[in-house]
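What follows is a single structure, written as structure tokens, with notes after it.
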Amino acid sequence: MRNLHVHVTLKSTLLLLTACICQSLYAEDDSTVQDLPAIKVEATHTGTSYAKTPASIFRVDAPKQQDNIGVNLTEVVKGIPSLQLNNRENYAQDLQLSMRGFGARSTFGVRGIRLYVDGIPATMPDGQGQTSNIDLKSLDHLEVLTGPFSSLYGNSSGGAILATTKEGQGRDSVTMGYSGGSDQRSNSSIVLQGGAHAENEPSYVISSSYFDTDGYRDHSAADKVLNNAKLTWNLSDGSKVNWVTNYVKINADDPMGLTRALWEQNPKQIDPKIAPYNTRKEIEQTQTGVTWTKPLDDHNELYAMTYVGNRHVTQYQSIPKSTQTNVNNAGGVIDFDRNYYGADFRWTGTDLLPNTRVSAGVALDAMDEDRKGYENYDAAGNYGVKGNLRRNEDNTLWNIDPYLQASWQFLPTWRLDMGVRYSNVHYKSKDHYTSAPDKYGTVNGDDSGKTEYSKTLPSATLSWQILPELLAYASYAKGFETPTFTEMAYRPDGAAGFNFDLKPSSSDNYEVGLKSENPWGYFTLAAFQIHTKNDIVSYAMVNGRATYQNVDQTQRQGIEFSWNKNLWRDLKAQASYSHLDATFDTDFTSSSGTVKKGNSIPGIAKNQAFARLAWQPETGAFAGIEARYMDKIYVDDQNSDAAPSYAVTAIDVGYKWKMQDWAINTYARVDNLFDRNYIGSVIVNDTTKPDGRYFEPAEGRNWSAGLSITKQF
């Protein structure tokens with residue numbers, strides 16, 4: 001009965017909005033329809049505008065006026081339906097990102113979502129990614145793709161975020177900026193840019209910033225260096241080349257989570273039990289890549305991308321010494337050095353057959369990792385230092401994914417989009433650390449092993465342009481998500497060796513949607529249902545170490561609505577709402593006991609809403625006010641506790657001058673205006689005894705202000 005009720009509700013909602021939109025189409029004369037630029041969608045490779053793309057895709061342009069400190073993606077990406085992007089107030093663990101519930105299990109970094117920056121993957125072949133290398137100072141725009149279309153990106157594509165940095169334009173200029181705020185936050189930056197001075201010469205954007213903070217919570221100080229450079233050649237033969245180089249270095253203390261009692265007592269503290277371990281993380285990453293686009297003629301185009309990078313991480317955890325005495329334990333210090341590289345080659349043909357567009361390509365990605373583990377104490381018993389070696393292995397990952405995509409406008413108002421990708425991931429681990437029997441006769445044996453996963457991922461979308469201002473579509477796609485190396489690192493039974501028994505998940509994704517661009521604004525509405533087999537879920541999180549297992553069946557279903565409108569002159573409004581019912585569809589056993597069918601999947605809010613009203617002229621005074629609502633979020637499979645629902649408000653004001661060769665931007669901002677004490681994110685299934693440290697408190701009322709000056713030459 002519950003599923004029937006949801007289906008009836010979704011159909012009723014679609015019919016109601018269709019009626020409202022159709023009525024609005026004739027509410028005013030056609031001459032009053034908002035004339036927006038016909039910007040083409042990049043993520044779907046369909047060559048269509050946003051209003052005519054049959055998918056849940058949203059474009060987020062970088063603000064023309066600086067209105068935030070410019071460090072976290074949460075400052076820019078707001079109000080995307082069914083996207084949870086939470087700031088943990090913990091720079092050691094990155095942001096918490098999930099789409100339609102995919103990725104919600106992640107205790108650090110990003111899982112189940114594909115990330116790209118200037119066409120270069122920020123996600124490893126196994127589906128593990130990070131947002132730390134996205135430079136907001138040189139950002140041009142982002143595309144957020146949810147729903148079935150994202151399966152075109154292969155493994156772990158429950159959604160995709162594609163960030164594009166600016167290309168140099170016009171006269172040479174330099175922009176220097178400084179922002180500061182609560183918790184001793186400061187961010188200094190410099191951006192150099194300029195257009196090409198002659199044919200076949202490059203335009204350029206070079207950005208560098210330094211951020212540091214004492215942190216909102218105790219033991220949460222961090223500093224970050226981020227450099228990004230982009231050279232662009234528009235060559236005389238019509239081809240275009242982008243060369244991008246990125247460097248990021250982060251040193252961050254890790255306050256970890258709190259129990260409910262500790263949070264209610266003082267949200268800024270850390271658990272006194274972990275204080276001696278000096279938990280922290282050091283990250284250094286360098287990467288470079290080139291993209292090349294070449295039109296062969298009016299109907300054929302080639303695209304190529306290649307990249308290479310290195311990432312080094314050292315992380316100090318709070319693993320007790322008593323736990324590490326087991327000869328099979330990998331220690332409390334993670335230390336790995338990772339080289340990664342890849343390429344993507346694609347051909348696109350248009351109108352080779354009437355009203356068709358076809359793309360065919362192959363993506364290659366690989367990763368080599370030297371991973372070590374050490375005791376987090378020395379011979380004198382001091383914690384938080386690198387001790388004896390306890391783990392030493394070489395891990396390799398690679399994939400070669402061929403793909404094909406086609407669009408066919410078979411009737412004037414009907415179009416069929418189809419795609420298929422063969423996604424495969426190959427894992428191999430070579431163990432170099434073995435030991436003789438300890439006093440109990442336990443041996444650390446050879447834990448080497450290899451495995452591979454593969455899946456054919458078809459997708460299809462049928463769209464109908466009901467009216468010039470109204471598009472309807474229906475989509476289906478098969479999804480595929482492999483476990484990451486990190487998720488396979490430890491077995492739920494505590495035995496030695498990789499958890500190669502962990503299976504990939506597969507999903508059937510269904511979506512119907514409406515889009516309308518009319519005098520009342522730009523509307524999107526989507527209803528979706530996702531059935532997943534062998535879903536990868538957190539089994540337990542103990543002392544910062546996570547293990548995972550498969551659940552036979554889960555289900556996600558919901559509705560999403562968004563609206564944008566230029567109300568008057570430079571007064572703009574934005575609103576969105578999403579309802580997501582994510583549940584286990586079978587009984588299973590977890591570390592906390594039997595989990596019943598119908599329990600909510602932890603880490604996922606059932607309801608979200610966002611609204612913003614802003615005055616945003618090109619120059620002069622600007623201001624904005626926004627509100628965000630998040631429903632309660634369960635912390636474990638048993639749904640034994642939950643982070644409470646909350647609503648927070650933020651305001652910003654500023655002024656932008658332009659005077660001949662000079663431009664000045666000032667701003668001030670207050671977040672969490674009414675000083676709500678709420679949980680920003682949860683650590684799913686933390687089973688640290690006696691009470692789980694599930695809760696990561698969000699910052700109370702906080703402010704920032706800044707100034708930037710631009711000089712053209």
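The values are calculated or read from the model by the stated rules, or taken from the named source; none is laboratory data. These figures come from a predicted structure and were not determined experimentally. Cβ sites come from the backbone with ideal geometry, for glycine too, and all protein chains shown count toward neighbours.
The table for this structure:
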item	result
Residue check for residue 707: surrounded by fewer than 20 Cβ atoms within 10 Å (Cβ to Cβ) and under 30 Å from residue 173 (Cβ atoms)	yes
Contacts under 6 angstrom Cβ, first residue in the stretch 50-63 being of a type in the set (Asp, Glu), partner modelled with pLDDT of 95 or more, 6 or more apart	61/141
Number of the condition not met by residue 604 [criteria: (1) hydrophobic (A, V, I, L, M, F, W, C); (2) assigned to a loop (DSSP other than H, G, I, E, B); (3) closer than 25 Å to residue 187 by Cβ]	(3)
The stretch 260-279, subset out of contact with any Gly (no Cβ under 8 Å at 6 or more places or on another chain) and assigned to a helix (DSSP H, G or I), residue modelled with the lowest pLDDT	275
Filter result for residue 139 (closer than 11 Å to residue 113 by Cα, surrounded by fewer than 23 Cβ atoms within 10 Å (Cβ to Cβ) and modelled with pLDDT of 95 or more)	no
Total residues in the stretch 264-279, condition under 27 Å from the mean Cα position of the chain (by Cα) and either surrounded by fewer than 16 Cβ atoms within 10 Å (Cβ to Cβ) or over 30 Å from residue 378 (Cα atoms) (or both)	1
Filtered residues of the stretch 229-244 (kept if within 21 Å of residue 133 (Cα to Cα) and in a loop (DSSP other than H, G, I, E, B))	none
Output for the stretch 474-496, where each listed residue is assigned to a strand (DSSP E or B) and surrounded by fewer than 19 Cβ atoms within 10 Å (Cβ to Cβ)	474, 476, 478
Only one of 605, 623, 663, 643 that is under 28 Å from the mean Cα position of the chain (by Cα), surrounded by fewer than 22 Cβ atoms within 10 Å (Cβ to Cβ) and among the small types (Gly, Ala, Ser)	623
The stretch 301-338: number of residues that are surrounded by fewer than 21 Cβ atoms within 10 Å (Cβ to Cβ), among the small types (Gly, Ala, Ser) and outside any strand (DSSP E or B)	1
Selected residue [among the aliphatic types (A, V, I, L, M) and within 26 Å of residue 404 (Cβ to Cβ)] from 477, 495	477
Residue within the stretch 511-522 that is in contact with a Lys or Arg (Cβ under 8 Å, 6 or more places away or on another chain), surrounded by fewer than 23 Cβ atoms within 10 Å (Cβ to Cβ) and not in a strand (DSSP E or B) present	yes
Condition met for residue 388 (in contact (Cβ under 8 Å) with a residue 12 or more places away in the chain and surrounded by 15 or more Cβ atoms within 10 Å (Cβ to Cβ))	no
Pairs, first within 24 Å of residue 605 (Cα to Cα) and without any contact (Cβ under 8 Å) to a residue 24 or more places away in the chain in the stretch 562-589, second among the aliphatic types (A, V, I, L, M) and surrounded by 14 or more Cβ atoms within 10 Å (Cβ to Cβ), C-beta under 8 Å, six or more apart	587/595; 589/595
Strands (runs of 3 or more DSSP E) wholly inside the stretch 652-713 that include at least 3 residues being among the hydrophobic types (A, V, I, L, M, F, W, C) and in contact (Cβ under 8 Å) with a residue 24 or more places away in the chain	662-671, 702-712
Leading residue by the ranking (modelled with the highest pLDDT) among those in the stretch 49-71 that are part of a loop (DSSP other than H, G, I, E, B) and surrounded by fewer than 20 Cβ atoms within 10 Å (Cβ to Cβ)	62
Unmet requirement for residue 181, which otherwise passes all of (1) under 25 Å from the mean Cα position of the chain (by Cα); (2) small (Gly, Ala, Ser); (3) crowded, with 20+ Cβ neighbours inside 10 Å	(1)
